[in-house]
Amino acid sequence: MVDQVREQAYDGGGGVERSQATAVNTAEQRSLYQKREKIYPKAVSGTFRRLKWVILVVTLSIYYLAPWIRWDRGPNLPDQAILIDMPARRFYFFFIEIWPQEVYYLTGLLIIAAIALFLITTLAGRVWCGYTCPQTVWTDLFFAVERFIEGDRGAQMRLEASPWNASKIGKKVAKHSIWLIIAAATGGAWVFYFADAPTFLPQLFTLEAPFVAYATIAVLTGTTYLFGGHAREQVCTYMCPWPRIQAAMLDEESLTVTYRDFRGEPRGPRRKNAPVENLGDCIDCNQCVAVCPMGIDIRDGQQLECITCALCIDACDNVMDKVGLPRGLIAYDTLANVDARSHGDKARIRLMRPRSIMYMAILALVGAVMLVSLVSRSAVDVNILRDRNPLFVTLSDGSIRNGYTVKILNKDHEQKDFALTVEGVTGAELQVVGSEPEVLAVRSDRLASFRVFVTLPQGAIADESLPFTFVVTDSATQTQTRHDSIFRGPEQ
């Protein structure tokens, strides 16, 4: 049912709205067999709301504008700073160029992202969910559009309960139209990461772009519109696994949005500076519930649904200012500190704990390994595959021949010539099919494959397996790349 927002608590020095908002997303209120009750979060002002606006603007600006940043890489190379070039099988990120053979860098980035998320959660709870998660950012944007067109919480609920008329239809059409425009822009921005943005934009509007681009835009438009405009808190409650995982990352020293019940209870309304007996600081105005986008009551304690967006802190601090009580009834705090304060002990913040130190160490280790690997990586990669069928061939003169496939990846932006030799075997004869061992030409940004035969004279191999080394030498710089292999012969 639509509830009404009414003024109650006191009328001096401003006014505190007492809302009849109920926490519709708590376990007691939520049922799998009950139709979802829509949440109408109230607008609030304060430190954390301003922080969320800043993060929203920054993150959306990065997402929408990043494909348009240019980066000069030289002739015949894309000048888009961030580009996933599927036809050329490249990932460009400013001065970094990643090849498919270097997919381990992606693995390293995913490990770093996961460990960083664990570390942040251990230190400050679900701040990722509350501030930078795409679901939170786009939902906040959709909320802003909804409030701009339909008004704040009370106006939205009155509009929802009113009969359909021209005004209501106009507002609904305007709201959903803007939502769809935002959703389409979201899908459109995504495809620009896979093609040159200035070239691809007119192709989209002239219907000259590939079908997969339109399909991608359609899917992302639909999901953004559905998740940000309709599903909202249900995505976090039912679809996202992180609320269930993050409990293992938290301990009693983790900062979370916390209601200090030792100070707030028992609850009760009051007037400003009016004497009260046997009442805590909580005036039971329900403003923390009214502003919560997840539809929960933080006073019920730690809950799976809480994304620690801290809007309830802003709402409660505003109320405390109006009734002349200290701020911080709801605040970022640790469970250990709440217990310490309730007993009159000194509170403290412990960021450096065994758990956080472990995550920091893993993060530093993986980051250092990736950095060293990236800085020291060679412009040439060599991969050699030995024939397995047959393992060897005995020639008419008794000599033994093995076949190999030599693959040379030239990551440089100009053609290179390489010379191929072997070390570790005596009397070996090297033959490259269709070329000379001294001139293996590999074009720029290409992988070249060569068929190679190594032949040893009769009696040169004393065992059925002989280790040796292929040496690929850059003819211009004389830089050598070595690759170990084995030569197989008959059983002795």
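The values are calculated or read from the model by the stated rules, or taken from the named source; none is laboratory data. What you see is a predicted model; the values in this text were computed from it and never measured. Neighbour counts run over all protein chains shown; Cβ positions are idealised from the backbone, glycine included. Remember, those area values only see protein heavy atoms, side chains included, never the ligands or the DNA or RNA. Shrake-Rupley method; radii C 1.70, N 1.55, O 1.52, S 1.80 Å.
Measuring nothing but protein heavy atoms, the accessible surface of the chain at 1.4 Å probe radius is 61 percent carbon and sulfur. Heavy-atom accessible area with a 1.4 Å probe sorts Trp164, Trp242, largest first, into Trp164, Trp242.
In this simple spin-label approximation, Ile181 and Arg386 carry label points 7 Å from Cα along the Cα→Cβ vector, and these lie 6.7 nm apart.
When the Cα positions of Cys282, Ala336, Leu304 are compared along the charge dipole of the stretch 253-359, Ala336 comes out farthest toward the positive end, with charges on each C-beta of Lys, Arg, Asp and Glu. Computed from Cα atoms alone, the Kirkwood hydrodynamic radius reported for the stretch 93-248 is 18.8 Å. Applying 1/(1 + (r/R0)^6) with R0 = 25 Å to the Cβ-Cβ distance of Ser378 and Ser435 gives a FRET efficiency near 0.65.
Name the shape class, rounded, prolate or oblate, that the alpha-carbon gyration tensor gives for the stretch 63-155, where a ≥ b ≥ c are the square roots of its eigenvalues, rounded holds for a/c under 1.5, and otherwise prolate holds if a/b is larger than b/c and oblate otherwise.
Because a/c hits 1.5 or more and a/b fails to exceed b/c, the stretch 63-155 counts as oblate.
Only one residue of Ala419, Pro390, Leu440 has its Cα farthest out toward the positive end of the dipole of the stretch 384-449, where Lys and Arg carry +1 and Asp and Glu -1 on Cβ, and that residue is Pro390.
Taking every full run of DSSP H in the chain, the ones that stretch at least 18 Å from end to end by Cα along their long axis and average -1.0 or higher on the Kyte-Doolittle scale are 47-65, 104-124, 134-150, 166-191, 211-226, 311-323, 354-376.
For the stretch 343-412, with only Lys/Arg (+1) and Asp/Glu (-1) charged at the beta-carbon, what is the dipole magnitude about the Cα centre, in debye rounded to 20?
The dipole of the stretch 343-412 has a size of about 600 debye.
Taking all protein chains into account, the per residue accessible area for the stretch 363-403 stands at 62 Å² (1.4 Å probe).
Full extension of the chain between Arg158 and Ala174 yields a length gain of 4.0 nm, computed as 0.36 nm times the residue separation minus the alpha carbon distance.
Using a Cα-Cα cut-off of under 14 Å, which aspartates and glutamates could be cross-linked to Lys52, ignoring same-chain neighbours fewer than 8 residues away? Candidates past the 8-residue exclusion: Asp140, Asp314. Counting only protein heavy atoms and using a 1.4 Å probe, the accessible area of Asp484 comes to about 120 Å². So I have (i) 51; (ii) 24; (iii) 32, and one of them is percent of Cα pairs over 37 Å apart calculated from this model. Which one is it? Evaluating percent of Cα pairs over 37 Å apart on these atoms matches (i).
Candidates Pro163, Thr216, Leu409 compared by Cα position along the dipole of the chain: farthest toward the positive end lies Pro163, with charges placed on Cβ. For Lys168, the lysines whose Cα falls under 21 Å of its own Cα, not counting residues fewer than eight places away in the same chain, are Lys38, Lys42. Calculated FRET efficiency, Thr426 to Thr477, Cβ-Cβ distance, R0 = 22 Å: about 0.20 to the nearest 0.05.
In the full protein context, the stretch 240-357 carries 46 Å² of accessible surface per residue, based on a 1.4 Å probe and ignoring ligands, DNA and RNA.
Sum -39500 (n - 2.57) across every DSSP H segment of at least 4 residues in the chain, then divide by the residue count to get the 222 nm mean residue ellipticity, nearest 500.
When only DSSP H runs of four or more count, the value is -11000 deg cm²/dmol.
Note on the chain: antiparallel DSSP beta bridges, both residues inside, total approximately 100 percent of the bridges counted.
Sorted largest first, the spans of the alpha carbon positions of the stretch 35-117 along the three principal axes are 53, 29, 27 Å. Three principal axis extents describe the C-alpha atoms of the stretch 164-300; from largest down they are 74, 49, 26 Å. Once both labels are positioned 7 Å from their Cα atoms along Cα-to-Cβ, the gap between Ala215 and Leu51 label points is 4.3 nm. Remark: accessible surface ordering of Glu429, Glu305 (largest first) is Glu429, Glu305, probe radius 1.4 Å.
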